[in-house]
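The next block holds one structure in the form of structure tokens; read it before the comments.
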Amino acid sequence: MNKSKRSSRRRLPPIRSGEIIDYKNINLLRRFISEQGRILSRRMNRLTSKQQRLMTIAIKRARVLALLPFLNNEN
């Protein structure tokens, strides 16, 4: 009974097949950053370890180039 519920709840992949993990793709990067500006964990993102490494590098590059904030202090 539990197995059937799990299989029916398949989620969409967090990154679509056409999307490329790149520091210039700000809309994609914002989906993987918390409200405080922290990079979300791989478990919460549902990314593979390779995708998580690429995402982390892209977010850090975007922060250095001032495309993303280091902290989100908006109240």
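Based on a Kirkwood Rh over C-alpha pairs, give the Stokes-Einstein translational diffusion coefficient of the stretch 24-63 at 20 °C and viscosity 1.002 mPa s in µm²/s. The diffusion coefficient I find is 212 µm²/s.
Roughly how big is the stretch 24-63's charge dipole about its Cα centre, with Cβ charges of +1 (Lys, Arg) and -1 (Asp, Glu), in debye to the nearest 20? If you can, show how the numbers build up before the last one.
Values: 12 positive and 1 negative charges, 30 e Å.
Roughly 140 debye, rounded to the nearest 20.
Quick note: the coordinates plus some simple rules give every number you see, no bench work behind them. As the structure is a computational prediction, the values presented were derived from the model and not from experiment. Cβ: placed from backbone, ideal geometry, glycine included. Neighbour counts: every protein chain shown.
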